[in-house]
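Visitor: Would you mind keeping the following structure in view while I ask a few things?
The values are calculated or read from the model by the stated rules, or taken from the named source; none is laboratory data. Worth saying up front: this structure is predicted, and the values here are computed from it rather than measured. So basically every Cβ, Gly included, is an ideal-geometry build from the backbone, and we count neighbours across all protein chains shown. To get the accessible areas, we keep the full protein, side chains included, count just its heavy atoms, and leave off ligands, DNA and RNA. Shrake-Rupley method; radii C 1.70, N 1.55, O 1.52, S 1.80 Å.
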Amino acid sequence: MHRPAIFAAVLGLGRAGSNVGDHFVQSDYCARVKGATDAKPVHFTTGEPDAEATVHGTADGIKACAWHCLTYTATQALAVGAGARVLGIRLHPGAAAAALALSFATHYAADRRVPGGLLETLATKTGKGNFWRLADHGLNGAYCLDSAWHHGWETVTALIATTKATAR
């Protein structure tokens with residue numbers, strides 16, 4: 001198996017794991033609380049008729065984002081690991097671990113979403129501030145830029161993961 005084919009397979013597997021981890025595995029709680037800060041707390045209700053809202057600040061936001069990134073990265077690891085095995089690809093353990101660590105870190109950096117956070121600042125500095133704030137016409141600019149960030153880093157992590165990879 002040629003290295004470009006191994007890279008393409010690992011990128012596709014990682015992309016699938018990422019999408020499942022980000023949208024199906026992530027809990028509603030994590031999705032809503034991961035950007036909470038003490039200055040901009042999140043009021044969370046379960047939807048139960050008698051339930052009272054709970055208030056979540058910085059500590060809860062950090063924990064929710066970290067938990068989401070852990071389950072996201074674990075889902076990627078499962079998808080890539082199982083898929084690589086089925087396809088007869090042997091990944092170097094150190095390269096795979098480095099790729100997963102980078103995936104976790106870059107996902108956390110983007111998903112913490114505090115006011116004035118990494119992606120918002122990057123969008124503003126690159127002239128995409130208006131797009132970042134767009135939430136109309138069936139588009140959500142922040143979500144689109146978030147996805148672009150993740151896809152870019154997924155490509156880098158696939159390159160890292162396939163370092164020293166071989167066919168079985």
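Visitor: Only residues that are open to solvent by 70 Å² or more (accessible area, probe 1.4 Å) and charged (D, E, K, R): list them for the stretch 117-134, please.
Guide: Matches in the stretch 117-134: Lys125, Lys128, Arg133.
Let's see how each residue does on (1) closer than 26 Å to Ser27 by Cα; (2) surrounded by 15 or more Cβ atoms within 10 Å (Cβ to Cβ):
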| residue | (1), (2) |
| --- | --- |
| Gly94 | no, no |
| Leu100 | yes, yes |
| Ser103 | yes, yes |
| Asp136 | yes, no |
| Ala142 | yes, yes |
| Glu154 | yes, yes |
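Visitor: To continue, here is another question. Could you tell me whether Val86 is at pLDDT below 95 and among the aliphatic types (A, V, I, L, M)?
Guide: No: the conditions fail for Val86.
Visitor: Do you know which of the residues in the stretch 1-34 that are modelled with pLDDT under 95 and part of a loop (DSSP other than H, G, I, E, B) is farthest from Ala82 (Cα to Cα)?
Guide: Filtering first and then ranking leaves His2.
Visitor: Still on this structure, I have one more. Any idea which residue in the stretch 156-168 is most open to solvent (accessible area, probe 1.4 Å), counting only those that are in a loop (DSSP other than H, G, I, E, B) and of a type in the set (S, T, N, Q)?
Guide: Thr163
Visitor: Can you confirm whether the stretch 38-61 contains a residue that is out of contact with any Ser or Thr (no Cβ under 6 Å at 6 or more places or on another chain), in contact (Cβ under 8 Å) with a residue 60 or more places away in the chain and surrounded by fewer than 16 Cβ atoms within 10 Å (Cβ to Cβ)?
Guide: Yes; the residues of the stretch 38-61 include at least one that is out of contact with any Ser or Thr (no Cβ under 6 Å at 6 or more places or on another chain), in contact (Cβ under 8 Å) with a residue 60 or more places away in the chain and surrounded by fewer than 16 Cβ atoms within 10 Å (Cβ to Cβ).
Visitor: Considering every residue within the stretch 25-37, establish whether at least one is touching a residue at least 12 places away in the same chain (Cβ under 8 Å), surrounded by fewer than 21 Cβ atoms within 10 Å (Cβ to Cβ), closer than 25 Å to Pro93 by Cβ and touching a helix residue (DSSP H, G or I) at 6+ places or on another chain (Cβ under 6 Å).
Guide: yes
Visitor: Take residues that are more than 16 Å from Gly14 (Cβ to Cβ) and touching a residue at least 60 places away in the same chain (Cβ under 8 Å) and tell me which of the helices (runs of 4 or more DSSP H) falling wholly in the stretch 66-143 contain 1 or more.
Guide: Filter on the stretch 66-143 gives 93-111.
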